[in-house]
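Everything below concerns the one structure shown next.
Where a number appears in this text, it was derived from the coordinates with a stated rule and is not lab data. Here the structure is a predicted model, which is why all the values come from computation and not from measurement. Counting neighbours? That spans all protein chains shown, and the Cβs are built from the backbone with ideal geometry, glycine included.
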Amino acid sequence: MVNKKLIDALKQIARDLSTHKIKWVLVGSLSLALQGVRIDPKDIDILTDKEGALKLNKIWEKYKIKNVEFGETDRFRSYFGKFKIKDIKIEVMGDLEEKLEGKWFSLAKRLESPKFIDVNGVKVPVSSLEDQLWFYERSDRPKDIQRAQKIREAMKRKLSSKIESKN
């Protein structure tokens, strides 16, 4: 069961981004939990493009913790910012890229045809379990390795229930 505050913040985010025609997708722990992964989300992670991320500086001015601006680490680069809506931390990543074997790869594909789920009457675009599994499996962080295992378990449960419902 996902915390009501997270759902309330997510519904506001979905409305705001739809109103301002920002292309986005929910990623991270909340996306996983809403798709049946047994995980306890604490924040909301939004993947968008550069334009969408920068627009949020103005749209969510009153919620801003860290201005959206370009940043880079050894593994990631994006237009990154932090906000707080209804006491929930929101992280925004625009034009996110990941470095693999010395080359940068874009995660923009997730924005092209996201899966939509209904969250209390609000349509929310989510990154597929398959895309998120692929991402977490390549990490060496213990937290990400655990998430990959939880995703595999959720996918196995879904497959089992589909097989049972056919019989």
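Within the range 12-49, restricting attention to residues that are within 20 Å of Glu61 (Cβ to Cβ), more than 14 Å from the chain's Cα centre (by Cα) and in contact (Cβ under 8 Å) with a residue 60 or more places away in the chain, the residue that is surrounded by the fewest Cβ atoms within 10 Å (Cβ to Cβ) is Arg15. Looking only at the range 25-73, residues that are more than 17 Å from Ile85 (Cα to Cα) and among the aromatic types (Phe, Trp, Tyr) come to 1 in all. Among the candidates Glu91, Glu101, the residue that is closer than 24 Å to Leu54 by Cβ and surrounded by fewer than 19 Cβ atoms within 10 Å (Cβ to Cβ) is uniquely Glu91.
Tell me which residues, restricted to the range 114-143, are surrounded by fewer than 14 Cβ atoms within 10 Å (Cβ to Cβ), of a type in the set (D, E, K, R) and either touching an Asp or Glu at 6+ places or on another chain (Cβ under 9 Å) or not in a helix (DSSP H, G or I) (or both).
Across the range 114-143, the qualifying residues are Asp118, Lys123, Arg138, Asp140, Arg141.
From the list Leu159, Leu111, pick out the single residue that is under 16 Å from Leu26 (Cα atoms), of a type outside the set (Val, Ile, Thr) and part of a helix (DSSP H, G or I). Just one listed residue meets the conditions, Leu111. Among the residues making up the range 73-97, those that are of a type in the set (Gly, Ala, Ser) and out of contact with any Ser or Thr (no Cβ under 9 Å at 6 or more places or on another chain) are Ser78, Gly81. Going by what's in this entry, would Lys66 be described as touching a His at 6+ places or on another chain (Cβ under 8 Å) and either over 21 Å from Asp8 (Cβ atoms) or exposed (fewer than 15 other Cβ atoms within 10 Å of the Cβ) (or both)? No; evaluated as a whole, the condition is false for this residue.
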